[in-house]
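Worksheet for the structure shown next.
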Amino acid sequence: MNGTINSYTIARNIKRLRCEHKLTQMEMGEILGYSERTIRRLETNGTYDIGVINFIAKSFNVTALSILF
């Protein structure tokens, strides 16, 4: 962990989390209450919205830090 938060790392970690759970973007969206398009956007652009990051982390029983870094 280098201590720098960037959208690429967040996007990559959201995708990693989805793949670890063997979910499609649509399935992840259904779990979170987001559209497939939103999941695709999160996996492409990331997000700095800590509320979204915390919600994803809580939904998949991981820490927000594991998504941020």
Problem set entry | Percent carbon-and-sulfur accessible area, the chain, ignoring ligands, DNA and RNA, probe 1.4 Å | 53 percent
Seminar exercise, completed: Diffing the stretch 58-67: the Karplus 3J(HN,Hα) column from phi (6.51, -1.76, 1.60, θ = phi - 60°), in whole Hz with x for Gly and Pro, holds 5, 5, 10, 6, 10, 7, 4, 4, 5, 8
Exercise. What accessible area per residue comes out for the chain, rounded to a whole number of Å², with a 1.4 Å probe?
Worked result: 64 Å²
Exercise. Taking K and R as +1 and D and E as -1, what net charge do the other residues with C-beta under 10 Å from the C-beta of ILE67 add up to?
Worked result: +2
For this session: From the C-alpha gyration tensor of the chain, pull out the three semi-axes of the equivalent ellipsoid (sqrt of 5λ each), sorted largest to smallest, in whole Å.
Result: 18, 12, 11
Exercise. Quick one: net charge of ASN45's neighbours, Cβ under 13 Å, K/R +1, D/E -1?
Worked result: +3
Problem set entry | Magnitude of the charge dipole, the chain, Cβ model with Lys/Arg +1 and Asp/Glu -1, debye to 20 | 140 debye
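The values are calculated or read from the model by the stated rules, or taken from the named source; none is laboratory data. Note that the coordinates shown come from a computational prediction; the quantities given were computed from them, not determined experimentally. Neighbour counts are summed over all protein chains in view; Cβ atoms, including those assigned to glycine, are modelled from backbone coordinates with ideal geometry. Surface areas here come from the heavy atoms of the whole protein model, side chains and all, with no ligands, DNA or RNA. Shrake-Rupley method; radii C 1.70, N 1.55, O 1.52, S 1.80 Å.
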